[in-house]
Amino acid sequence: MPNAGAQSPRVSVLTAVYNGERYLSRALESVRRQTFSNFEHVIVDDASTDGSWALLLAAQDDSRCLPERLSHNTGPAAALNHALARARGEYVAIFDHDDECAPERLALQVDYLDAHPEVGVLGTLGYRIDGDSV
């Protein structure tokens, strides 16, 4: 268990990665630049064959980034379930390896969920960009 004995974060951001090298640096940076900082980023590399794992190892300079590599490919649902088993946060945010999020995403979601305890699931607005926007 990562950081055993440490105070649990408010949010566990969960990411499953499989061969996401092309988009991963921008995705990781968008999580890192959140205005809400009390989170952990649990990332499961689902046995990628590209440079994804090297990028995740380099991202550990941020102590909130908690990568783990699976020995064989299990598929996105199983990889996310693996990440969920490691999550310690009060809230869980799913974040795909090829996405980017606005800096206020977590802050706005936590504020809303805190103010509306009857809400169990919350989504966000998305914008589609093409592969050449990277």
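Based on this model, can you work out whether D114 counts as farther than 17 Å from V11 by Cα and either acidic (D, E) or in a helix (DSSP H, G or I) (or both)? Considered against the rule, which asks whether it is farther than 17 Å from V11 by Cα and either acidic (D, E) or in a helix (DSSP H, G or I) (or both), D114 comes out as no. The criterion of being open to solvent by 60 Å² or more (accessible area, probe 1.4 Å), in contact with a Leu (Cβ under 8 Å, 6 or more places away or on another chain) and under 26 Å from Y112 (Cα atoms) does not hold for I43.
Among the residues making up the range 17-40, a single one is in contact with a strand residue (DSSP E or B) (Cβ under 9 Å, 6 or more places away or on another chain), closer than 19 Å to G75 by Cβ and open to solvent by 20 Å² or more (accessible area, probe 1.4 Å): Y18. Within the range 48-62, residues that are in contact (Cβ under 8 Å) with a residue 40 or more places away in the chain reach partners that are open to solvent by less than 70 Å² (accessible area, probe 1.4 Å) and of a type in the set (A, V, I, L, M, F, W, C) with beta carbons closer than 8 Å, at six or more positions or on different chains, in the pairs S52/V17; S52/L24.
Of all the residues in the range 46-64, those that are within 22 Å of L106 (Cα to Cα) and touching a Leu at 6+ places or on another chain (Cβ under 7 Å) number 1.
The values are calculated or read from the model by the stated rules, or taken from the named source; none is laboratory data. Note that the structure is a prediction, hence the values are computed from the model and not measured. FYI the Cβ positions are ideal-geometry reconstructions off the backbone, even for glycines, and counts take in every protein chain you see. Calculation scope for accessible area: heavy atoms of the full protein, side chains included, ligands and nucleic acids excluded. Shrake-Rupley method; radii C 1.70, N 1.55, O 1.52, S 1.80 Å.
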